[in-house]
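Written below as structure tokens is the structure these notes are about.
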Amino acid sequence: MRISQLLMAAGAAALLLATPSAAGSPNGNIIAAASASPDFKTLVTAIRAAKLSDTLASKGPFTVFAPTNAAFGKLPAGTVETLLKPENRDQLAKVLTYHVLSGRYTAAAILQAINNGGGQATLTTVEGSPITAKLQDGKVVLVDENNRTAVVTKTDLLQNNGVIHVIDTVVLPN
């Protein structure tokens, strides 16, 4: 690994480790934590509409890349409302499970995978499709199958059934 890559990785690690987190206090499950945050109202509404609440409250472990309300707001007008319709439940579940990994991937584990992958890591989502994690401008970025990017803005919100990482854009499978 070149010096510039090491410095970038170190900078990203410092950013991730300095981000506010609930590390050390995993009291609830992923759905309870998301429900308790005003930043995830749209996400929780979508999880409930897709009937995924019980799954994300189960033992897991899961890693959730959780889009904020503002991330959902970046989607084209009417997209969220359309996805929330009962007849679109399968499509909504596909989008949501594309934000979930099976297993507990902390920020350190994701950075290690990126470093082991020579600058990027391909992760398989619960939906079944790959998503790529890489470092860009000292930040961990997710790249979906449509080449949309989401920046990880908060990490390691540890829960008893997994971990939540906050992202600034909704990622979409093909």
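Taken together, the values in this text are just the output of simple stated rules run on the coordinates, not laboratory data. Just so we're clear, the structure is a prediction, and the values are computed from it rather than from any experiment. Here the Cβ is made from the backbone with ideal geometry for all residues, glycine too, and neighbour counts use every protein chain on show.
Strictly over 27 Å apart at the Cα level, which of Lys85/Lys154; Lys41/Lys139; Lys134/Lys154; Lys74/Lys134; Lys94/Lys134 would you flag in this model? Mind dumping the intermediate values first?
Values: Lys85/Lys154 30 Å; Lys41/Lys139 25 Å; Lys134/Lys154 15 Å; Lys74/Lys134 22 Å; Lys94/Lys134 23 Å.
Distance filter (> 27 Å) returns Lys85/Lys154.
State the extension gain, in nm to one decimal, for the chain segment bounded by Lys41 and Gln91, taking 0.36 nm per residue of separation less the distance between their alpha-carbons. Present the calculation step by step, with values, prior to reporting the outcome.
On the way: separation 50, 0.36 × 50 = 18.00 nm, distance 1.93 nm.
In short, 16.1 nm is gained.
Sorted from fewest to most neighbouring beta carbons within 10 Å, what does the list Leu142, Leu56 look like?
By the 10 Å Cβ count, ascending, the order reads Leu142, Leu56.
Taking Rh as the Kirkwood radius computed over C-alpha pairs, what is the Stokes-Einstein D of segment 72-174 at 20 °C in a medium of viscosity 1.002 mPa s, expressed in µm² per second?
Working: Rh = 14.4 Å.
After rounding, the answer is 149 µm²/s.
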